[in-house]
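Report on one structure; see the data block that follows.
The values are calculated or read from the model by the stated rules, or taken from the named source; none is laboratory data. Remember, it's a predicted structure, so these values are computed and weren't measured experimentally. Virtual Cβ from ideal backbone geometry, glycine too; neighbours counted across all protein chains shown. Each accessible area value is taken on the protein alone, full model and side chains, heavy atoms only, with ligands, DNA and RNA left out. Shrake-Rupley method; radii C 1.70, N 1.55, O 1.52, S 1.80 Å.
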Amino acid sequence: MRGRKFILCILAILLIAVPLFAACGGGDDDKGKNTSTTSAQKDEFPLEPKRFDTTIKILCVSSSRHRYGEVQFVADEEKTGNVINDAVAKRNDYIEEKYGLKIEVAPVQYPGDEIKLSIQSGIDEYQLVNDAVYKMLPNATENFYWSLEKYLKLDSPWWDQNAIENLTVTDKTYFVAGDALITDDDNTYLMLFNKEMYANNSELSGKYGDIYQLVRDGKWTYDRLAEMAKLVSQPDTNGDWGTEGGIYGLLGDNYGSGILVSGSGATSAEKTTDGGFRLTVGSERSVNAFAKVFEIMSDKSLTLRVEQLGDSGWGKVSNMFINKQGLFYMTSASSISSIKNSTAENIVDYGVLPIPKYDEEQEKYYNGINIYQSTVLAIPTTNVEKFDATVYLLEALGYYSKNFFGGESVAHAYYETTLKLQSVNSEDDEEMLDLIFSNRLYDIGAIYNWGGLLLDVYSRTLRSGSNTLVSYIDTIKDAVEADMEQTVARYKELAS
């Protein structure tokens, strides 16, 4: 009798615990952290079921400019066995079958330029447009795009909340990024490092220990980067720096100077609470951060920059890292797969780190995006007839790219399978990728490039050979702020 009561008690506990355990299922709201696709999840598609029986045409970046420019929207029918391509095909088939929404793409080199001509001509040819932020955002003031805050469930986990926070102006959200896209995350900056070089150098591993733990402890800073770089750098056989024959603590490019500054949380401009903008490139934080960055990036005995190697510098620097001639390589996430797929012999064993912080007191890490490549989605204002269907498709693309029950989701295929399983080889690196993609930063000043002067404000100073940032800001401040004020005025006109 006592045994029977015990069994009944255990069964009762299980009956209570199982639903509670299931209710706790699902995942994190941050992009990349929850990409499980085969089990039920707590998030349900938030729109009432509808059927449209129409085709939505997306003006997008061609594959020649970005490997995922087209395939993130429409699978290549001749390409099978690729996890991302297959996931896109299954997602689109499901959306078309369930909602009658078919997707077509019109790939071009620069959709932001193409849509400008289309809208000015009043042609309703494309229902969605996808291009890099520097091509898209400045056009919003010309009434090119619909504001989306009334139509999309923007607080949903499939939309990148960092993008919404950074890019929303006067409470209007014209652009979205998130799980519907691959070209946003794939163009986020990070640091790769040579694991073998780090482990085998006793001055590095002995002094700093586990570099991943250094990140977790908040001690991965500009100063640590510079100290480590000094310990490994060697000139070429002629004793010269700035050549392919040397070994460098840091491999990067001029644009990376701005990425490093953004690692401090500083940007060239920022939004204000009243819906405007404020120039911050001359702030104490920005100036102090750039001073440290300038020392690192201009020191030829520490850093080799792409530009030092001429027109073919990009490929040469990448190959140098692959061939174990660099401790750190500041690049975008797209390089992870490229390096892993390299045909070079004895390829570098690399790890992944966030962009370093300014100092240990800084609360979090910030990882800037490549504004020339990291993309957003928008609906052109010429899209009237198919507007409702387009909004519905946008939500469906976001949701079913994150949560898909007919196989592997697109987000999972890119993030968990392609990046984590195929391209990095440790749980530490996976943790770092989560950290990086959860803390993406957009420099609003560089994106709008007010006065034609902010986009390369840090790299221009670096190229000059001396740290003249403060004096240069004094010469451009009036022109930049005048252009900025015009942008604010135009946004307020659109909002009224």
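Is it fair to say D429 is open to solvent by 10 Å² or more (accessible area, probe 1.4 Å) and not hydrophobic (A, V, I, L, M, F, W, C)? The answer is no for D429. Within the stretch 49-65, the set of residues being open to solvent by 40 Å² or more (accessible area, probe 1.4 Å), closer than 15 Å to K98 by Cβ and either modelled with pLDDT under 95 or of a type in the set (A, V, I, L, M, F, W, C) (or both) comprises P49, F52.
Here is a yes/no grid of residues against (1) among the β-branched types (V, I, T); (2) surrounded by 23 or more Cβ atoms within 10 Å (Cβ to Cβ); (3) at pLDDT 95 or above; (4) touching a strand residue (DSSP E or B) at 6+ places or on another chain (Cβ under 8 Å):
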{"residue": "E244", "(1), (2), (3), (4)": "no, no, no, no"}
{"residue": "L250", "(1), (2), (3), (4)": "no, yes, yes, yes"}
{"residue": "D253", "(1), (2), (3), (4)": "no, no, yes, yes"}
{"residue": "F290", "(1), (2), (3), (4)": "no, yes, yes, no"}
{"residue": "F294", "(1), (2), (3), (4)": "no, no, yes, no"}
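Taking the stretch 270-281 as the range and being touching a helix residue (DSSP H, G or I) at 6+ places or on another chain (Cβ under 6 Å) and modelled with pLDDT under 95 as the test, the residues that pass are G276, F277. Looking only at residues in the stretch 383-395 that are open to solvent by 10 Å² or more (accessible area, probe 1.4 Å) and β-branched (V, I, T), the one that is nearest to V74 (Cα to Cα) is V391. For S286, the test of being at pLDDT 95 or above and part of a loop (DSSP other than H, G, I, E, B) is failed.
Checking the condition open to solvent by less than 10 Å² (accessible area, probe 1.4 Å) and farther than 23 Å from D388 by Cα, which residue from V176, V129, V133 passes?
Working: V176 fails: farther than 23 Å from D388 by Cα; V129 fails: farther than 23 Å from D388 by Cα.
Answer to the check: V133.
Selection of first residues in the stretch 191-214 that are open to solvent by 70 Å² or more (accessible area, probe 1.4 Å) and of second residues that are among the aliphatic types (A, V, I, L, M), restricted to Cβ pairs under 8 Å at least 6 apart or on distinct chains, gives the following pairs, ordered by first then second residue: E196/V348; E203/L231. With the requirement that a residue be within 30 Å of R490 (Cβ to Cβ), part of a helix (DSSP H, G or I) and free of Cβ contacts under 8 Å to residues at least 40 places away in the same chain, what does the stretch 429-453 give you? Matches in the stretch 429-453: G451, G452.
If the condition is being in contact with a strand residue (DSSP E or B) (Cβ under 6 Å, 6 or more places away or on another chain) and either of a type outside the set (V, I, T) or outside any loop (DSSP other than H, G, I, E, B) (or both), then the stretch 68-90 contributes G69, E70, F73.
Of G351, G398, all but one fail to be touching a residue at least 24 places away in the same chain (Cβ under 8 Å), closer than 18 Å to L435 by Cβ and open to solvent by less than 10 Å² (accessible area, probe 1.4 Å); the exception is G351.
Test S464 against the criterion of being open to solvent by 10 Å² or more (accessible area, probe 1.4 Å) and at pLDDT 95 or above, and give yes or no.
Working: open to solvent by 10 Å² or more (accessible area, probe 1.4 Å): yes; at pLDDT 95 or above: no.
Judged against the criteria, S464 is not a match.
Filtering the stretch 301-315 to residues that are buried (at least 16 other Cβ atoms within 10 Å of the Cβ) and farther than 20 Å from I355 by Cα leaves E307, Q308, L309, G313.
Tell me, please, whether a residue that is out of contact with any Asp or Glu (no Cβ under 9 Å at 6 or more places or on another chain), of a type in the set (K, R) and either in contact (Cβ under 8 Å) with a residue 60 or more places away in the chain or in a loop (DSSP other than H, G, I, E, B) (or both) can be found in the stretch 479-495. Taking every residue of the stretch 479-495 in turn, at least one turns out to be out of contact with any Asp or Glu (no Cβ under 9 Å at 6 or more places or on another chain), of a type in the set (K, R) and either in contact (Cβ under 8 Å) with a residue 60 or more places away in the chain or in a loop (DSSP other than H, G, I, E, B) (or both).
What number of residues within the stretch 244-282 are part of a loop (DSSP other than H, G, I, E, B), under 20 Å from L309 (Cα atoms) and touching a residue at least 60 places away in the same chain (Cβ under 8 Å)? So that I can check it myself, show each step before the final result.
Within the stretch 244-282, the first condition is being part of a loop (DSSP other than H, G, I, E, B), and the residues that meet it are 244-246, 253-255, 263-268, 272-276, 280-282.
Okay, now just the ones that are also under 20 Å from L309 (Cα atoms), so 244-246, 253-255.
Remaining after also requiring touching a residue at least 60 places away in the same chain (Cβ under 8 Å): 244, 246, 253-255.
Matching residues across the stretch 244-282 total 5.
Selection within the stretch 148-160: residues that are touching a residue at least 40 places away in the same chain (Cβ under 8 Å) and open to solvent by 30 Å² or more (accessible area, probe 1.4 Å). The member of this set that is nearest to the chain's Cα centre (by Cα) is K153. Regarding A163, is this residue hydrophobic (A, V, I, L, M, F, W, C), touching a helix residue (DSSP H, G or I) at 6+ places or on another chain (Cβ under 6 Å) and buried (at least 17 other Cβ atoms within 10 Å of the Cβ)? Judged against the criteria, A163 is not a match.
Whenever a residue of the stretch 404-428 is without any contact (Cβ under 8 Å) to a residue 24 or more places away in the chain and polar (S, T, N, Q), it has no partner that is open to solvent by 50 Å² or more (accessible area, probe 1.4 Å) and in a helix (DSSP H, G or I) lying with C-beta atoms less than 7 angstrom away and at least six residues away or across chains.
Cβ-Cβ contacts under 6 Å between residues 6 or more apart (or on different chains), taken from a first residue in the stretch 297-310 that is assigned to a helix (DSSP H, G or I) to a second residue that is open to solvent by 40 Å² or more (accessible area, probe 1.4 Å), are listed as V306/W314; L309/K316.
Scanning the stretch 66-122 for residues that are open to solvent by 20 Å² or more (accessible area, probe 1.4 Å), in contact (Cβ under 8 Å) with a residue 60 or more places away in the chain and of a type in the set (K, R) gives R67, K90.
Criterion applied to A106, A163 was being aliphatic (A, V, I, L, M) and part of a strand (DSSP E or B), and the one residue passing it is A106.
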